[in-house]
Structure formats: C-alpha cells, structure tokens
Amino acid sequence: MINNSIYIQSQQEVFDVVIVGSGAGGGMAAHTLTKAGAKVCLLEAGQPFDPADPKYITQLKWPYESPRRGTGTTRAFGDFDAAYGGWEIDGEPYTRKNGTKFDWFRARMVGGRTNHWGRISLRFGPDDFKRKSIDGLGDDWPIGYDDMKPFYDKIDKMLGVFGTNEGLRNDPDGFFLPPPKPRLHELMIKKANKALGIPTYPSRLSILTKSINNERGACFYCAQCSRGCSAYADFSSSSVLVKPAMATGNLTLLPFAMAREVMTDAATGLATGVSYVHTGTLQEYSVRGKIVMLAASAGETARLLLNSKSSRFPDGIANSSGVVGKYINDSTGASRSAIIPKLFDRKVYNEDGVGGLHVYTPWWGDNKKLDFPRGYHIEYGGGMGMPSYGFGWGIEGLNGKENYTRDGLRKAAGGYGATLKEDYRRYYGSYVGFSGRGEPVPREDNYCEIDPNVVDKYGIPVVRFNYKWSDYEIKQAKHMQDTFEQIIQEMGGDALGKKPGADTNYGLADPGRIIHEVGTARMGNNSSTSVVNSNCQAHDVKNLFLADSSPFVSQGDKNATWTILALSLRTSEYIIDQRKKANL
Amino acid sequence: MKRRDYLKNIGLSSLGLAVLNPDARAMEQLENTNGVPKAAALKIPGGRTKDEAERDAKLMAEVFLNKHELDTITILSDIIIPADKKSGSASQSGVTGFIEFIVKDKPELKTPVRGGLRWLDSESNRRFSKLFTQITPAQRINIVDDIAYPEKAKKQFSQGVNFFTLMRNLTATGFYTSRIGIDDLGYKGNTPNEWKGVPADVLKQYGLSYDD
Ligand SMILES: Cc1cc2nc3c(=O)[nH]c(=O)nc-3n(C[C@H](O)[C@H](O)[C@H](O)COP(=O)(O)OP(=O)(O)OC[C@H]3O[C@@H](n4cnc5c(N)ncnc54)[C@H](O)[C@@H]3O)c2cc1C
Ligand code: SF4
C-alpha cells in the first residue's frame with residue numbers, strides 16, 4: 001500500500017543503513033541488517049509485489065485466462081510471468097555504442113528479478129575465484145572459495161536449495177534438500193550422456209522440496225516458479241527476505257523510489273544518503289544514512305556511481321580508479337532443440353515437477369586440452385508441459401518427415417483436418433531443449449558508461465553499453481553446439497533447424513541476453529585497478545558498500561545469484577562487525 | 001505455512017474475480033493531488049498491472065476484423081481443426097475470438113491476416129465467382145488443397161501457402177490453449193500434486209530405471 005506520509009517521514013530520520021534495490025543483493029542485506037537490529041531504509045524503484053496476494057497471483061492460471069494465451073506482448077516472458085519490467089521499459093531507455101550489442105533486462109518490483117528467475121542456485125567452486133592463476137586471463141578475486149564457503153553454507157540452510165553432494169572439486173557440495181526425480185526425457189538425456197562420457201547430476205534449485213520453517217510451505221510441483229509461488233516454496237527476495245525483514249519492525253521499505261544519486265559530505269567525502277524521485281508523483285525526496293549500500297543490479301549500480309558526481313568525485317563516486325562500468329560481463333549462451341521420435345504417442349501423465357530442470361550437467365571438460373579457456377554448464381528442457389501461445393507452431397516442419405506418422409507412411413508436410421489433429425497429439429511431449437551457459441573472459445574494453453546525450457523520463461542520465469564477444473566465447477559456443485548434436489544423436493533424436501554455424505557465432509546469444517551481467521565495479525586489493533575491496537567496501541568512500549554482482553571479478557561457469565546472495569550476506573556481516581568495533 | 005492457506009488464495013484468483021488493485025487505487029489518489037479529476041477507475045484483474053489492464057481494455061474495445069472476415073476465419077479454422085471422436089472443433093474452442101484479439105495485440109499480424117483473407121476471397125471469386133463463405137465445402141477444399149502443403153504447392157500459390165500456414169499456426173495455438181484443446185492433449189498438470197517420478201510402466205516401456 002502506498003502511504004504518502006512514509007516518504008515525508010523517512011526524510012526526518014538518519015538510518016543506520018540506506019540500501020538501494022530490493023533484489024537478491026539488497027534483500028539479503030536488508031534481511032541480515034534488520035535482524036541484527038539496524039534501522040534500514042530500502043529504496044526500490046518498482047512497485048510492491050507479494051506472490052501470495054491474490055492481486056498479484058498468476059500461479060495455476062490456465063492459458064485461456066489470458067486473452068493472448070500467455071504470450072509476451074506486454075510482459076517479456078509472458079502474461080503469467082512474475083516480471084514487471086523487461087528488456088525495454090517505457091521512459092527508461094539505454095543505449096549502445098560502436099555498433100555493439102547489449103540487451104538489458106530490468107525488473108521494477110520489490111524482489112527485483114528474483115521473482116521470476118530460474119532458481120538455478122550454483123555456488124562457485126575454488127577455481128572460479130582464481131581463473132587468472134589457472135589460465136593467465138582476466139584477474140583473480142581477492143578472496144577465495146574458503147572465504148565464501150561459510151556464507152554459501154548459511155544461505156543453503158536459510159533459503160533452501162535441493163541437490164546432491166557429488167564430491168565434485170569445482171562444483172562443491174552444500175546443504176541440500178532432496179532433489180525431485182528426473183522426468184522421462186531427463187532420464188533419456190542422462191543415459192545418452194553416460195554413453196558419451198558427459199556427466200549428469202540432479203540440478204540445484206532453490207525450491208523447497210521439504211518445508212524448512214513455518215513461514216514457507218513446501219513445493220506442490222506446479223512447474224511455475226517463474227510466476228512466483230504463493231506458498232513461498234521457491235526463493236524470491238520479496239517473500240523470503242524483504243517480508244521477514246519488514247516483520248522485524250526495523251525496515252522502512254519505500255517502493256516507487258528511483259534513486260538519483262548518492263549524496264556526499266563535501267568535507268569528509270563520506271556518503272550521507274541517497275536522493276530519489278517518486279516514480280508515481282515525481283516528487284523529489286532524499287533519505288539520510290550512516291552507511292549506503294547499492295544493490296540496484298550491476299548495470300544500475302554502475303549508473304548510480306557514475307551519476308553521483310561532485311567536485312570531490314568529478315568522475316562519479318568511488319571511481320578514482322576509472323574502473324566503474326568496465327569489465328561488465330554476461331554469461332555466454334547457446335541453445336538447440338530436438339524432437340525425440342521415441343517419445344511420440346507417449347502415455348500422458350502429470351510430469352510438471354518443479355519449475356525448472358531436474359538434472360543438469362556441470363562443466364566437465366579440460367580447458368587445457370580445448371581451444372577456449374573457460375567452461376559452461378548445460379541446462380535441459382522438455383516434457384509434457386502446459387500448452388501456451390506458440391503451441392503447435394511450425395508443424396509443417398515436422399509432419400512431412402519420414403517415419404513421423406503412425407503408419408510409417410510419409411505424408412505431405414502441413415495439411416489440415418483430422419490427420420493434422422492426430423499429429424499434434426502424437427508429437428506432444430516429444431520435444432527436448434539444450435542450453436549452454438558459460439563463462440566469458442572479462443575485458444576492460446567491454447564497459448558501460450553514462451550516455452552524454454540521453455536522460456530517462458526522470459531526467460536521470462542513462463547507461464550506454466559497449467560490449468563485444470571475443471574468439472574465446474565464440475569457440476566455446478561452437479563446442480556447445482557440437483555437444484548438443486552429439487547428445488541428440490545418441491538419444492536417437494532429430495535436431496531442429498539448421499546447426500548454427502560460424503555465420504551466427506554458433507548461435508552465441510547477444511550480450512545481456514542470458515541476464516547474468518556482473519563485474520561493473522569489481523573488487524580487488526589495488527585501489528587503482530578496482531572499485532571495492534574484498535569486503536565490497538568502496539576504496540574511496542569507506543561507508544559505501546556494493547551488495548549486488550557489480551563487485552564480481554569473473555562470472556564462473558555458474559549462474560550468478562547464489563554468489564550475489566552469499567557475498568551480500570558476507571558484506572552485511574562485515575558491516576555489523578565493523579559497527580560493533582566502531583570502525584564505521 | 002499450511003497448505004490450505006495458500007491454496008485458498010489461488011482458488012480465489014482462478015475464478016477470475018476482478019479485484020481493484022489497492023496499490024493502483026492508492027497511486028491514483030496520489031496522482032490526484034494536483035486536483036485534476038480522474039476518469040472512472042478501471043477494474044484491474046488479479047495478476048495484471050495497471051498499465052497492462054489499461055492496454056487490455058483498449059484492445060478489447062478496438063474493432064479490427066469485420067464480421068465477414070471473422071466468418072471466414074471460423075470456416076477456415078474448422079477445416080484446419082475439425083471436431084472428431086475425441087474433441088470439438090477449433091471454433092467450438094473459441095479460436096475465432098482468439099484470432100480476433102491476437103491480431104490487435106500483435107499489430108504485425110494485421111496485414112498478413114486481413115490480406116490473406118482477401119487473397120482467399122479473390123481466389124474463390126476467380127474459381128467460383130463467389131466469396132469463400134458462399135462456396136460449397138467441396139469447393140473450399142479445392143482451394144485449400146492448393147495452399148495447405150508448403151513443400152508441394154505450386155509457385156503461383158506461394159502467398160496463399162504463407163497465409164494458410166499462419167492460419168494453421170494460429171488455429172493450433174488457439175485450440176490447444178483452450179479448455180477443449182488441453183483436455184484433448186490430456187495435459188494433467190497445473191494442479192497441486194506430489195511428483196514421484198516417471199510411472200513404473202512408462203519406465204519399463206522405455207527400458208529405463210532410477211537405479212543406474
Ligand atoms: C528470466 C530470468 C531467469 C534467471 N534465472 C537465473 C537462474 O536460474 N540462476 C541465477 O543464478 N540467476 C538467474 N537470473 C539472474 C538473477 O535474476 C539475477 O542475477 C539477480 O536477480 C540479480 O540480483 P540483484 O540484486 O543484483 O538485482 P535485481 O534482482 O535485478 O534487483 C535490483 C532491484 O533494484 C531496483 N533498482 C534498480 N535501479 C534502482 C534505482 N535507481 N533506485 C531504486 N531501485 C532501483 C530494481 O527495480 C530491482 O528491483 C535470471 C534472471 C531472469 C530475468
Ligand atoms: S514448482 Fe513448487 S516451488 Fe515452484 S511455484 Fe510450483 S509449487 Fe511453488
């Protein structure tokens with residue numbers, strides 16, 4: 001509920017901590033700090049959201065409850081997806097430079113992108129922090145796995161994640177809830193992979209296959225985590241972190257609060273708070289805090305730093321190194337799909353399962369023997385899902401193939417009528433999908449900066465991206481495509497479409513498309529080559545901290561969020577400790 | 001949290017009750033502080049944002065395809081997906097209304113659909129001196145057979161083939177996302193349950209097991 005007076009009242013206070021952004025990083029910081037008794041003000045540009053409140057619920061709705069049958073005309077991932085925002089937001093543009101590409105996915109809601117994320121929760125392994133020591137490229141983190149392990153362990157237990165301990169060196173064990181059993185196509189993939197020497201393990205998703213406390217229910221297997229779970233059985237910052245933080249009485253949550261800049265004291269150079277504009281009323285406000293934490297997502301945090309200019313910080317706050325915005329990097333991604341004729345006319349039963357893959361393949365290769373330096377993991381899709389917009393599309397590419405009919409006779413592709421209807425039934429649930437998600441090599445010349453000519457509808461200067469893939473990523477994508485084709489062949493499947501080749505960089509997705517952008521204010525021990533120290537504390541401003549993926553030195557061949565959460569927890573505990581010692 | 005507590009909320013929303021979103025109402029009050037009177041409040045259905053509800057309402061009010069065009073779509077979609085022993089036809093499942101809406105939602109479909117329907121009528125006129133809606137079922141099939149098979153269709157019908165492919169896709173999507181179509185496929189999910197793995201008989205059928 002919007003209450004005009006909280007915006008006015010909060011101006012009177014000096015908070016212990018002001019946090020910008022309520023996604024993975026901001027939610028974790030707000031939770032940790034309020035539980036420790038700190039008075040926290042959390043600024044969120046987006047609107048309130050609670051997946052258990054009927055006015056937001058889309059879970060268990062049928063496709064015909066949407067006039068567009070769930071397609072993504074108004075929401076990037078469809079009508080039922082819990083993402084307010086998207087690749088383009090009206091009145092909030094961003095730009096690109098030098099003909100390069102970068103697509104930027106932003107969510108504008110309490111909980112940020114954790115409301116609809118894939119819940120794939122992979123902790124980094126020892127190698128992921130020390131890539132330069134291994135292959136000489138990029139940089140090492142100033143911290144290692146041993147520094148992070150206690151925090152990964154804590155969030156595993158606190159937030160809940162299923163999976164299995166496999167004793168893998170660079171995909172470390174954790175504290176896992178029981179994983180769901182593989183679906184039929186996942187068993188087939190596993191079998192094929194075994195023959196090819198590719199490992200397949202239960203996936204690791206932050207979904208409660210067992211209830212872990214009284215606030216959250218257990219998963220009831222509707223496969224719809226991307227819609228947000230009304231039982232709070234999947235992890236989202238809004239329901240698992242912000243909500244309990246509110247219950248402490250120590251949190252002032254300000255939705256519709258779009259931060260403009262970090263305010264500083266000209267004399268001391270310390271951060272004093274954050275100024276913001278109310279996105280509904282366009283009223284200008286500010287909040288004061290003893291400590292400021294930015295967790296607006298890697299791109300937005302860089303933007304805030306760069307836009308916070310003063311005579312003391314002419315190039316933006318915490319940017320004496322000039323590194324802010326540089327080294328931005330997103331996961332690589334390439335995919336392929338296939339039809340498995342063995343699955344034609346399969347018996348239909350409820351195989352929804354959890355809202356994501358039940359098995360995955362962590363990186364298994366040895367880069368020393370390959371022509372690209374970094375690895376990737378594979379995510380699998382398929383099965384008898386709920387039909388939605390796009391169902392049946394392109395059947396003329398299938399039903400003319402040899403042996404695709406029940407009687408084995410080849411028929412003309414396309415068609416109409418009773419036999420066509422049989423084809424749709426026959427092919428239902430015989431599709432599988434493969435997606436590689438890999439680690440790029442961060443580069444100084446991939447960066448985001450402030451566009452000198454463009455402002456958004458609030459008058460805030462916008463971000464401009466300059467991002468190019470190198471040969472390392474392109475060769476990795478080629479390896480993904482070759483691997484997918486091997487697996488498909490081994491399964492006896494027919495790959496769909498032409499194999500992506502050199503002309504399309506082997507299907508390598510445009511930068512930003514995998515939505516794992518990190519590294520815009522990287523950490524390090526040297527204040528001339530990094531923005532924050534190993535505690536995510538700005539080298540230049542000791543009461544300014546970053547709590548999202550901006551401090552990442554590299555991406556890992558894992559998805560970023562479990563590390564954002566663990567790092568934000570670590571930073572928050574550091575703040576609590578330093579406050580106790582009166583160092584802050 | 002108790003299971004019945006959270007399922008209660010879902011029950012409410014899947015009845016499709018339109019709840020006026022209190023945040024939107026509060027925002028409107030805030031926006032009203034400058035004293036300008038507001039138009040009547042829009043009902044925002046559960047699960048939609050204010051912007052989305054406004055856009056949906058605008059689309060619903062817009063008229064694009066006319067009655068003749070919709071009649072033609074009904075006939076064509078029932079040729080593509082007719083009723084059979086197992087389930088009803090495209091039009092029984094509401095495909096006409098779906099196509100009527102989706103061309104407004106995705107304006108890039110407007111010209112291909114409208115133009116394709118004109119192509120069909122002109123072809124019908126050429127062959128039988130009547131509109132597609134006025135010819136006999138056999139005459140309709142005479143035209144459809146020339147445009148329903150992309151790989152063997154004659155070059156001169158390529159535009160008709162493209163149109164028919166689009167109609168096949170829209171019809172299939174509309175049908176299989178309807179109640180009738182979902183039941184036809186036998187999709188069993190979208191309901192609280194316990195996933196216990198692939199049924200034993202299916203594992204056996206494919207020679208797979210959970211043991212290895
Ligand atoms: C479809 C999808 C699937 C994904 N799947 C996975 C997955 O399976 N595994 C994984 O690890 N990751 C996944 N991700 C990525 C994951 O969502 C992000 O890594 C994570 O949410 C980042 O957390 P964050 O706190 O940095 O930012 P966000 O979650 O983006 O939150 C940032 C918040 O800050 C707010 N904000 C921004 N600017 C301002 C401002 N100026 N003032 C006030 N507030 C502001 C935003 O509105 C937003 O709410 C996925 C993302 C998407 C979109
Ligand atoms: S799959 Fe489970 S956790 Fe995900 S939304 Fe459904 S019930 Fe909730």
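Against the conditions (1) more than 16 Å from ligand 1 (Cβ to nearest atom); (2) within 26 Å of A:A36 (Cα to Cα); (3) open to solvent by 10 Å² or more (accessible area, probe 1.4 Å); (4) among the hydrophobic types (A, V, I, L, M, F, W, C), A:L508 satisfies every one except (2).
Among residues of the range B:190-212 that are farther than 22 Å from A:M386 by Cα, those with a Cβ under 6 angstrom from a residue that is surrounded by 14 or more Cβ atoms within 10 Å (Cβ to Cβ), sequence gap 6+ or separate chain, pair up as B:L208/A:L187; B:S209/B:L203. You will find that of A:R346, A:R312, A:R303, the residue that is at negative phi and open to solvent by 20 Å² or more (accessible area, probe 1.4 Å) is A:R312 and no other.
Would you mind finding the one in A:D147, A:D135, A:D171, A:D140 that is within 21 Å of the chain's Cα centre (by Cα) and more than 14 Å from every other protein chain (Cβ to nearest Cβ)? After applying the criteria, what remains is A:D171. For the range A:526-549, a residue qualifies if it is part of a loop (DSSP other than H, G, I, E, B), touching a Leu at 6+ places or on another chain (Cβ under 9 Å) and in contact (Cβ under 8 Å) with a residue 40 or more places away in the chain, and the qualifying residues are A:V531, A:V541, A:K542, A:N543, A:A547, A:D548, A:S549.
Limited to the range A:381-431, what total is found for residues that are acidic (D, E) and touching a residue at least 24 places away in the same chain (Cβ under 8 Å)?
Total meeting the criteria: 1.
Go through the range A:574-584 and give me each residue that's open to solvent by 60 Å² or more (accessible area, probe 1.4 Å) and either under 16 Å from A:D146 (Cα atoms) or aliphatic (A, V, I, L, M) (or both). A:A582 - this is the single residue of the range A:574-584 that is open to solvent by 60 Å² or more (accessible area, probe 1.4 Å) and either under 16 Å from A:D146 (Cα atoms) or aliphatic (A, V, I, L, M) (or both). Here A:G197 meets the list (1) within 15 Å of ligand 2 (Cβ to nearest atom); (2) at positive phi almost entirely, failing just condition (1).
Every residue, every condition in (1) assigned by TED's automatic domain parsing to the domain that holds B:T96; (2) modelled with pLDDT under 95; (3) of a type in the set (D, E, K, R); (4) in contact with a helix residue (DSSP H, G or I) (Cβ under 7 Å, 6 or more places away or on another chain), yes or no:
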position: B:S122; (1), (2), (3), (4): yes, no, no, no
position: B:I141; (1), (2), (3), (4): yes, no, no, no
position: B:P150; (1), (2), (3), (4): yes, no, no, yes
position: B:S158; (1), (2), (3), (4): yes, no, no, no
position: B:N169; (1), (2), (3), (4): yes, no, no, no
position: B:G174; (1), (2), (3), (4): yes, no, no, yes
position: B:N190; (1), (2), (3), (4): no, no, no, no
position: B:L208; (1), (2), (3), (4): no, no, no, yes
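Among the residues making up the range B:98-116, a single one is more than 18 Å from the chain's Cα centre (by Cα) and surrounded by 15 or more Cβ atoms within 10 Å (Cβ to Cβ): B:G116. Within the range A:95-108, the residues that satisfy the criterion of being away from chain B (no Cβ under 14 Å), open to solvent by 20 Å² or more (accessible area, probe 1.4 Å) and either in contact with a Gly (Cβ under 9 Å, 6 or more places away or on another chain) or near ligand 1 (Cβ under 10 Å from one of its atoms) (or both) are A:K101, A:D103. Taking the listed residues A:R123, A:R106, the one that is under 30 Å from A:A259 (Cα atoms) and in contact with an Asp or Glu (Cβ under 9 Å, 6 or more places away or on another chain) is A:R106, with no other qualifying.
In the range A:62-76, the qualifying residues are those that are within 18 Å of B:G46 (Cα to Cα) and more than 7 Å from chain B (Cβ to nearest Cβ), and the one that is surrounded by the most Cβ atoms within 10 Å (Cβ to Cβ) is A:G70. In the range A:305-355, what residues are part of a loop (DSSP other than H, G, I, E, B), within 14 Å of another protein chain (Cβ to nearest Cβ) and more than 15 Å from ligand 1 (Cβ to nearest atom)? Of everything in the range A:305-355, those that are part of a loop (DSSP other than H, G, I, E, B), within 14 Å of another protein chain (Cβ to nearest Cβ) and more than 15 Å from ligand 1 (Cβ to nearest atom) turn out to be A:I340, A:F344, A:D345, A:R346, A:K347, A:V348, A:Y349, A:N350, A:E351, A:D352, A:G353. Check A:V455 against each of (1) without any contact (Cβ under 8 Å) to a residue 40 or more places away in the chain; (2) more than 15 Å from ligand 1 (Cβ to nearest atom) and name the one condition it does not meet. The one condition A:V455 does not meet is (2).
A quick yes/no check of all residues on (1) in contact with a helix residue (DSSP H, G or I) (Cβ under 7 Å, 6 or more places away or on another chain); (2) at pLDDT 95 or above; (3) within 16 Å of ligand 2 (Cβ to nearest atom); (4) over 17 Å from A:L357 (Cβ atoms):
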site	(1), (2), (3), (4)
A:E186	no, yes, yes, no
A:K190	no, yes, no, no
A:P202	no, yes, yes, no
A:L205	no, yes, yes, no
A:K210	no, yes, yes, yes
A:N213	no, yes, yes, yes
A:G217	yes, yes, yes, yes
A:C222	no, yes, yes, no
A:C225	no, yes, yes, no
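Residues in the range A:15-59 that are open to solvent by 10 Å² or more (accessible area, probe 1.4 Å) and in contact with a Cys (Cβ under 6 Å, 6 or more places away or on another chain): 0 in all. Within the range A:518-547, the set of residues being within 16 Å of ligand 1 (Cβ to nearest atom) and open to solvent by 10 Å² or more (accessible area, probe 1.4 Å) comprises A:R522 only.
Can you name the residue in the range A:405-414 that is surrounded by fewer than 22 Cβ atoms within 10 Å (Cβ to Cβ) and within 14 Å of chain B (Cβ to nearest Cβ) and is also farthest from A:S66 (Cα to Cα) among such residues? Restricting to residues being surrounded by fewer than 22 Cβ atoms within 10 Å (Cβ to Cβ) and within 14 Å of chain B (Cβ to nearest Cβ), the top hit is A:R410. Checking A:E88, A:E92 one by one, the residue that is under 19 Å from the mean Cα position of the chain (by Cα), more than 16 Å from ligand 2 (Cβ to nearest atom) and charged (D, E, K, R) is A:E88 and no other.
Counted as qualifying within the range A:224-301 are the strands (runs of 3 or more DSSP E) with 3 or more residues that are within 12 Å of ligand 1 (Cβ to nearest atom), namely A:257-264, A:271-278, A:284-294. Restricting attention to the range A:388-401, the residues that are open to solvent by 30 Å² or more (accessible area, probe 1.4 Å) and either away from chain B (no Cβ under 13 Å) or not in a loop (DSSP other than H, G, I, E, B) (or both) total 2. If you go through the range A:3-14 and keep only what is among the β-branched types (V, I, T) and either within 14 Å of chain B (Cβ to nearest Cβ) or crowded, with 24+ Cβ neighbours inside 10 Å (or both), you end up with A:I6, A:I8.
Evaluated against (1) open to solvent by 30 Å² or more (accessible area, probe 1.4 Å); (2) in contact with a Lys or Arg (Cβ under 9 Å, 6 or more places away or on another chain); (3) more than 9 Å from chain A (Cβ to nearest Cβ), B:S124 falls short on exactly one condition, (1).
Among the criteria (1) under 11 Å from A:V359 (Cβ atoms); (2) polar (S, T, N, Q); (3) open to solvent by 30 Å² or more (accessible area, probe 1.4 Å); (4) part of a helix (DSSP H, G or I), the one A:T164 does not fulfil is (4). Per the listing B:D71, B:D51, B:D23, B:D105, the residue uniquely at the interface with another protein chain (Cβ under 9 Å from one of its Cβ atoms) and at pLDDT 95 or above is B:D105.
The values are calculated or read from the model by the stated rules, or taken from the named source; none is laboratory data. Note that this is a predicted model, so its numbers are computed, not measured. Positions of Cβ are generated from backbone atoms using ideal geometry, with glycine treated the same way; all protein chains shown enter the neighbour counts. When the accessible area is computed, the model is the full protein with side chains, heavy atoms only, and any ligands, DNA or RNA have been set aside. Shrake-Rupley method; radii C 1.70, N 1.55, O 1.52, S 1.80 Å.
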